Every structure is written in structure tokens, then in C-alpha cells.
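Everything on this sheet refers to the single structure shown next.
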Amino acid sequence: MERTDALHEVGRLRAEIEHHNRLYYLKDAPEIADADYDRLFRRLLELEALFPDLVTPDSPSQRVGTAPAGEFAQVRHRVPMLSLQNAMSEDEVRAFDERIHRFLGRPDEVTYVIEPKFDGLSAELVYEDGVLTVAATRGDGTTGEDVTANARTIRTIPLRLQAPPGPGDLFAPSPVPRLIEVRGEVYMPIARFEEMNRERDARGDALFANPRNAAAGGLRQLDPKITATRPLDFYAYATGVVDGLAVDSQWALLQALRDLGFPVTDLARRVTGIEAVIREYRRLGELRDTLPFEIDGTVVKVDDFALQRELGEVSRSPRWAIAFKFPPRREVTRVLDILVQVGRTGALTPVAVLEPVRVAGVVVRRATLHNEDEVARKGVRVGDYVEVQRAGDVIPEVVTVLADRRSGDERPFAMPDACPSCGGPVVREEGESVRRCVNASCPAQLREHLVHFAGKRAMDIEHLGDKLADQLVDRGLVKDVADVYQLRFEDVLAMERMAEKSARNLLEAIEASKERPLARVLAALGIRQVGEALARSLAARFHTMDALAAAATGAPAEGATDPLAAVEDVGPVVARSIRDWFGQESNRALVDRLAGAGVRMTHASSGAVTDPRFAGKTFVFTGSLTTMTRERAQALVADRGGKAAGSVSRKTDYVVAGADAGSKLDKARDLGVAVLTEEEFGAMVAGDDEGPAPDAS
Ligand code: IVH
């Protein structure tokens, strides 16, 4: 076949496939049988295989997902993606309307567009000359993550824009905009979410808490092939930069987006005056339960773009729009039992086991009762009928007891005096509302710590979820989180539902996690009061774990300011908690073991951290050291960008010889590897100029 023939056929096939895609996914009105569609698709793949240079990013074949990315590239939004102020009541929405009147200084009623507030995650799709070139998450509003390959797998997202109908003439369509950034929500339909969770449960995979988390998890996959298996969808509702599309109102924009081929909700309404907005809000509230996707409220927008520009924005939110939220969903069900869970910090949390009930589209089986004071305040007993509430991604909670439905057989609940997991002592400190298990090796705490440590926001060890954590702790393979780095292939393979491939994947994920920057390691350690944001501040200030540990353990000199307190957001309570943590021998040993295992623990953006004398160099320790443990010495090397190895080879840069050094020292001499005394090594760590020059080897 000639290339030019293929070129024509490929073009025709793509147009045809996209046309049928739109009919199928957007309009829900297919015109051809699945088998015929498959035939078109297979023919396209065949031609693209024959002529690989004909593959373009907007080809429907590219929806199946390309090679995984190492990490997401950053994308700067040309126009920041703002967030919205919330209104929780009708009065708050009236106040929003009054502010607009005051600001504009005009008495006439304002025309608004009211839309559902989709509960997913927002994304921006950039089209240049009609072709999808970049898709990015919102991120912090200024910079997001490049998820282009993933977005391409979402069937309703056009890879190429449809030419909108021309003015009065269907046969002379208007040109597509030269540049348009389309914003909208990536979400997962409720039914698909539940189906996916059922399948995950059957496979023993961790379940997603709600469709929003599932959508976020699906879009933010490094491997687009995984995204392609997640049932994601999209609704367009706004734009960023636009060049070549003349619309002057939100209402006209929604129509224009529809014409370009985007999914746009047909639940939006244009109304005049705030009372009409409130009526529409109530209407959507009534529809909420019947919708196939989750909405957590409405978004009310001034329709006229000229007025929007006049109103502008304040503190990263537009003055011309507001999120008018629905109250959290509540349902009545029965408390079958009250269990006590042991958290990562040893906190005991009473949890109600419920007769399963569907709240806001999701089946709820458990609800938190927070702590014993809350149980007492609400008077919850086993057997009670209660109202449970689920607000967004918050864990469901018991709101009230329906005391008039009691039969008299309900059983009151009392918190245990011993830890339900390890039987260890439980204490409730002055001024605290929680009881804690104080046994440092309590398996329930360890399990929670392990799950937290491996979590997305911490060391991000993929494949290490709840179920695996259970097994690792139960089998005694993990006695503290650093043991994760000692796991061997055989250990992992012996786990339930673990095949060779998944075992290898897990070990690779563990290995990859060694590269996490200091902020994540700090967050992963689970130091009380140190969350993600604080961990980032600490990392930015101290750069290395050593420097932080030194600041946390050394007493500040008389009159000197406390180096911890100099960090933004660190108050006395936080400083105290960090000191307490590093004050414990077992915690310092844990840090050393992590460093010894090769966990990097340096601040991501600091060039100053990797010491040129250590960076990329391999050290071997032999004999016994007198001023520090060998693990500590290895940690010091790792902190500075070097590597500690177990045996001497030609690749070794330094051998550090302690007392009674044996065969490794001999081998170093044979191979001509530089040998350091413990003192010389100490000087090098301290950054003394007397230390060996970088090229001593
Ligand atoms: S418009 C400047 N319309 O709500 C206004 N947002 O807090 C830009 N959202 O991050 C947003 N449905 O993820 C808009 N119909 C809708 C929406 C919507 C959901 C989300 C969006 C945004 C958040 C604003």
C-alpha cells in the first residue's frame, strides 16, 4: 500500500471513529454495531503499525495509553485556576448577591448561570489549532501536573475539536479556535465507582473511599494504561486563555463548548435575580439523589463576562462566582456494634459498625464516633438507630441518636482500659480527649504507621496497602517501618495473593521510595504535629535529617534563639513534639536504619546538600568504629549524596577502616582504593578543609 493512500484512509478512519465515539459516549445514541466499530478501530491500528510516522497525538488509537512516565512534568497555567468561596446557606448566597450589587453600584437584578458543582477534580485541557496538546491538573492553581497521556484515555475528552456550525450554514463550519484552554471536572460515575470497588475488593486491592478519590487516583497515575482502565468522565464548564472564540457570557460559553464537542451538563440554568437562583438550587438539591454522578452543591456564576471582568477577584477567588453547597447527606441506620480502633499514634477511636446504608451514593458500613467524650455526649448505644452523615471526603460520622426508637435492649458502651490490639496499658493525658495505647511495639499502631509511611503523601510505596501491611506485621517481617527496606524477594513472594511479578513490582516500588525528598520522609515518620506542610517547612529550613536532628536534640545555647522555633509555623507545642520524638533513642535508631538502607533524606531543591566529596562516591566501612555506629556512618554518607556498600571493589572510592579492620582493608590496598581512618572520615563529614581532597582516590 502506498503511503499517500494510507494517509487518506487513516484520516477518514479517525474522523469516523471519533464521530461514533461522540455518538456512543456523549449522546448515548450509537449508530453502528460494536463489531463494526471494532473493525474500524482495528483497521486504524493496522495502518498505523504499517506507517508509524502517521501516528498523531490526536489519533483515537492514542487513547489506550502510552508508556508510563517517571514522574509528572509540571505545567504552569497561563491563567491561574482560581478556587471558589463557599456559601452554606440561602442567606450567605443572598449576601453574595448584595456584595455584587454594592460593588457594581447598580440596582438592577443580575443574571446568573447556576450549574451543578461536580465532585471530582478540576483539569485544564489545552487545544492548539483544534488538537489536544496538554492536559494538566489544577495543582495549586498556578502549577499543575502534566496528565496529557492520561486525559487522552478519557473517551469523552475530544482529542480534536469539532468545527462548530457556521452562522446559518451547516456546510461552512466556523474554524476552531487557534488556542483554547478548556477547564472542567474529571469525575467517576457512581455506578462505575461501585463496580470498580467491588472488583478491587474481590482482588484484595484497597478500596477507594468515594468517587472523587477514585477519579483523582485514576487521573494521577504514572502509567496511562492504568488510567485507561478507570471509568473516568469529564464535564467542561470554563476556559483559560482563548484565542479565536467570541463569546461574551457563561451561558454562551457552555453552548460553544458543546459545539466544539465537549460534554457539557444540561442541568445548568440561566436565571435573573438571586431568588430565582435559590429556586434552582432547591431543584438541583431534589435531583441530586437521582443523578448518576456526585455533586456537592451548585456553582453560581454572573453570566455576563463584561460584569465578571468588572468584578474581578479577591484572594484567589472570583467575586463573580460562589459555590453554593448542599448540606452533608444524612441517613438513618442501626448501630450493630461499637469497635475500638487503634491508630498510628496509639489513639483509640470508637467506631460504630452499621447496618449498611447508602449515603450520598456510597454504601456506608462504619462511622467514626471520634472519642469517648463524643460517645458520652451523643449517648450512643449498641442497637441504637442513629443518623449518619457523610460530608465530601470526610469519614462518615454518627450525628445523633434517635432516642425515641429505643426498645430498651440497647447496650451502653465503655472504652476499654487495655489496648484492644496488644493488651498494653492505655492512658488519657490531662487535657486530651483521647486515650492512647502507650506500647511502642503495639502491632495495631505499627500497622497503621506502616500504611501511613507507605502512603501516597509520604514515601509513596505503590502496592503496599492495608492488606499487605496486615500480613507484614502479622508475620513479624516488619517490626518497624525501616524493616520495609530489608524485605527479600522470598519474604514478599510468601504473602497471600502474591505472584512473582507483583512481588517484583513491590520491591521496585520500595527501592524507588528511597529517592523521596526529606519533606516526605519527615511526613512519613509520623511525628505528632508534623503533617505534610510542616514537614516541607522543616525540610526547606534544615535541608538534611542530620541538621534537623541536631537542632532537635541540642539544647539551644544561652540567649540563642531556638533553631526549631525559627521555622515558620513551628510553635512551642510543635517544637516540643519534634524534640520528644528525636529525644527517643529508638526513633534516632530508626532514622539511622533508614539512612543506612539508602533512603535519601535530603531536601529536594537544595544543591548545597549533596557534598561534592560524597556525591556519587561509594564508601565501605570495615572494622569497628569508636565514635559512632556503622549504621550512623552509612547514614551520614547517604545524607550527603554518597552510597555505602558492603564489599570492596574497583568501584569503591573510599574504605573507612576502624579498629581491627580485616580482609576488606587488605583488598582496598590491593586495589589501590583510598583508605581513611575514622578520624579522617569524621573530618570529611564535618566539612573540614583538612579532610582528603575529592580526588584522593
Ligand atoms: S467554575 C473560578 N464550575 O469547584 C471558578 N467549578 O472551588 C472556576 N467545580 O476547583 C471554577 N463544578 O473543581 C466551576 N460547574 C463548575 C464546577 C466547578 C465543580 C469545582 C472545580 C473547582 C472548584 C472551585
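The values are calculated or read from the model by the stated rules, or taken from the named source; none is laboratory data. Keep in mind that what you see is a predicted model, and the values were worked out from it rather than measured. Neighbour counts run over all protein chains shown; Cβ positions are idealised from the backbone, glycine included. Heavy atoms of the whole protein, side chains included, go into the accessibility calculation; ligands, DNA and RNA do not. Shrake-Rupley method; radii C 1.70, N 1.55, O 1.52, S 1.80 Å.
The table for this structure:
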item: Residue 111 open to solvent by 10 Å² or more (accessible area, probe 1.4 Å), away from the ligand (no atom under 16 Å from the Cβ) and under 30 Å from residue 48 (Cβ atoms); result: no
item: Single residue of segment 214-238 satisfying the filter (basic (Lys, Arg) and not in a helix (DSSP H, G or I)) that is farthest from residue 79 (Cα to Cα); result: 230
item: Subset tally (residues that are away from the ligand (no atom under 16 Å from the Cβ) and surrounded by 16 or more Cβ atoms within 10 Å (Cβ to Cβ)) for segment 76-88; result: 0
item: Condition broken by residue 499, with the remaining ones in (1) hydrophobic (A, V, I, L, M, F, W, C); (2) farther than 29 Å from residue 337 by Cα; (3) in contact (Cβ under 8 Å) with a residue 12 or more places away in the chain satisfied; result: (3)
item: Per-region count, segment 125-158, residues within 16 Å of the ligand (Cβ to nearest atom) and either open to solvent by 10 Å² or more (accessible area, probe 1.4 Å) or in contact (Cβ under 8 Å) with a residue 40 or more places away in the chain (or both); result: 16
item: Qualifying residues in segment 251-270 (those that are outside any loop (DSSP other than H, G, I, E, B) and open to solvent by less than 30 Å² (accessible area, probe 1.4 Å)) - the one farthest from the ligand (Cβ to nearest atom); result: 256
item: Any strands (runs of 3 or more DSSP E) falling wholly within segment 279-392 and containing at least 3 residues that are within 14 Å of the ligand (Cβ to nearest atom); result: 295-302, 321-325
item: Counted residues, segment 393-425 - those being under 33 Å from the mean Cα position of the chain (by Cα) and not in a loop (DSSP other than H, G, I, E, B); result: 4
item: Residue check for residue 162: more than 30 Å from residue 23 (Cα to Cα) and surrounded by fewer than 22 Cβ atoms within 10 Å (Cβ to Cβ); result: no
item: Filter result (more than 15 Å from the ligand (Cβ to nearest atom), touching a Pro at 6+ places or on another chain (Cβ under 8 Å) and either at pLDDT 95 or above or open to solvent by 40 Å² or more (accessible area, probe 1.4 Å) (or both)) within segment 229-250; result: 243, 244, 245
item: Checklist (1) within 16 Å of the ligand (Cβ to nearest atom); (2) within 28 Å of residue 287 (Cα to Cα); (3) open to solvent by 20 Å² or more (accessible area, probe 1.4 Å) applied to residue 98, failing item; result: (1)
item: Those residues of segment 500-541 which are part of a helix (DSSP H, G or I), of a type in the set (Asp, Glu) and within 16 Å of residue 601 (Cα to Cα), in sequence order; result: 511, 532
item: Of all residues in segment 641-662 being part of a loop (DSSP other than H, G, I, E, B) and open to solvent by less than 40 Å² (accessible area, probe 1.4 Å), the one that is farthest from residue 675 (Cα to Cα); result: 641
item: Filter pass, residue 176 being over 27 Å from the mean Cα position of the chain (by Cα), within 16 Å of the ligand (Cβ to nearest atom), β-branched (Val, Ile, Thr) and open to solvent by 20 Å² or more (accessible area, probe 1.4 Å); result: no
item: Meets criteria (more than 16 Å from the ligand (Cβ to nearest atom) and open to solvent by less than 40 Å² (accessible area, probe 1.4 Å)) for residue 91; result: no
item: Which listed residue, of 487, 446, is open to solvent by less than 30 Å² (accessible area, probe 1.4 Å) and farther than 19 Å from residue 343 by Cβ; result: 487
item: Candidate set: segment 516-547, residues that are closer than 22 Å to residue 637 by Cβ and of a type in the set (D, E, K, R); chosen: the one most open to solvent (accessible area, probe 1.4 Å); result: 520
item: Any hit, segment 551-558, residues being surrounded by 15 or more Cβ atoms within 10 Å (Cβ to Cβ) and either assigned to a helix (DSSP H, G or I) or free of Cβ contacts under 8 Å to residues at least 40 places away in the same chain (or both); result: yes
item: Selection status of residue 200, open to solvent by less than 50 Å² (accessible area, probe 1.4 Å) and free of Cβ contacts under 8 Å to residues at least 24 places away in the same chain; result: yes
item: Pairs, first open to solvent by less than 70 Å² (accessible area, probe 1.4 Å) in segment 352-377, second part of a helix (DSSP H, G or I), C-beta under 6 Å, six or more apart; result: 361/190; 369/375
item: The lone exception for residue 43 - which of (1) open to solvent by less than 60 Å² (accessible area, probe 1.4 Å); (2) away from the ligand (no atom under 16 Å from the Cβ); (3) over 19 Å from residue 323 (Cβ atoms) it fails; result: (1)
